Amino acid sequence: MKVRLTSFGQIEVEGQRYAHDLAIAGGRVSKRHKGPSKSERGRFGHTPLTAAEEIPWGGKRLIVGTGANGRLPIAEDVYSEAERLGIEIVALPTREACELLAELDRKDVFAVLHVTC
């Protein structure tokens, strides 16, 4: 799947540009709705990825792009839920996550991609 972080705050998926975080489930792209995680912002210093969000758990592996500088915190409850479901989490800075996604068929992509920090 062709995904690339074009600049800080901008990502391109299959030729379509987005200026917000994304969730990708089996190749289907949608906006990441981080509202359910905002209550944890004070604890992490940044809105983390938490299990309260609609995370695309459909595959064997969840790829998390942790931002241009790799600063997206991932709450422990995400790791706990992944373990319960038998899903591996691969967390990398978003540029590196995009390189990994480029090796996958669209239907095999389950990811959360942060486009800033």
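The values are calculated or read from the model by the stated rules, or taken from the named source; none is laboratory data. Computed from a prediction, not measured in an experiment: that's the story for all the values here. Every residue, glycine among them, receives a Cβ derived from its backbone with ideal geometry; neighbour counts consider all protein chains shown.
If we keep just the residues of the stretch 24-70 that are within 18 Å of Arg95 (Cα to Cα) and of a type in the set (S, T, N, Q), which is farthest from the chain's Cα centre (by Cα)?
Filtering first and then ranking leaves Asn69.
When the residues of the stretch 79-117 are narrowed to those that are hydrophobic (A, V, I, L, M, F, W, C) and part of a helix (DSSP H, G or I), which ends up nearest to Glu12 (Cα to Cα)? Full working, then the answer.
From the stretch 79-117, those hydrophobic (A, V, I, L, M, F, W, C) are 82, 85, 87, 89-92, 97-98, 100-102, 104, 109-113, 115, 117; that's our starting set.
Filter once more, so that each one left must be part of a helix (DSSP H, G or I): 82, 85, 97-98, 100-101.
Values: Ala82: 27, Leu85: 29, Ala97: 13, Cys98: 10, Leu100: 15, Leu101: 12 Å.
Within the stretch 79-117, the match that is nearest to Glu12 (Cα to Cα) is Cys98.
Of a type in the set (S, T, N, Q), in contact with an Asp or Glu (Cβ under 9 Å, 6 or more places away or on another chain) and not in a strand (DSSP E or B), is that true of Thr6? Please lay out each step first, then the result.
Values: of a type in the set (S, T, N, Q): yes; in contact with an Asp or Glu (Cβ under 9 Å, 6 or more places away or on another chain): yes; not in a strand (DSSP E or B): no.
So Thr6 does not fit the description; no.
If Pro93 satisfies all but one of (1) under 17 Å from Ala23 (Cβ atoms); (2) modelled with pLDDT of 95 or more; (3) buried (at least 17 other Cβ atoms within 10 Å of the Cβ), what's the number of the condition it fails?
(1)
Scan the stretch 9-48 for residues that are farther than 12 Å from Ala111 by Cα, in contact with a Pro (Cβ under 7 Å, 6 or more places away or on another chain) and of a type outside the set (S, T, N, Q) and jot them down.
Glu40, Phe44, His46, Pro48
For the stretch 23-73, give me the residue count where each residue is part of a helix (DSSP H, G or I) and either of a type in the set (Lys, Arg) or crowded, with 16+ Cβ neighbours inside 10 Å (or both). Before you say what the answer is, go through the steps one by one.
Here is the first cut: in the stretch 23-73, the residues part of a helix (DSSP H, G or I) are 35-44.
Okay, now just the ones that are also either of a type in the set (Lys, Arg) or crowded, with 16+ Cβ neighbours inside 10 Å (or both), so 37-38, 40-41, 43-44.
Number satisfying all stated conditions: 6.
List pairs: first residue in the stretch 42-71 and over 13 Å from Thr116 (Cβ atoms), second residue among the acidic types (Asp, Glu) and in a helix (DSSP H, G or I) anywhere in the structure, Cβ distance under 7 angstrom, at least six positions apart or on different chains.
Pro48/Glu40; Thr50/Glu40; Thr50/Asp77; Ala51/Asp77; Ala51/Glu81; Gly59/Asp108
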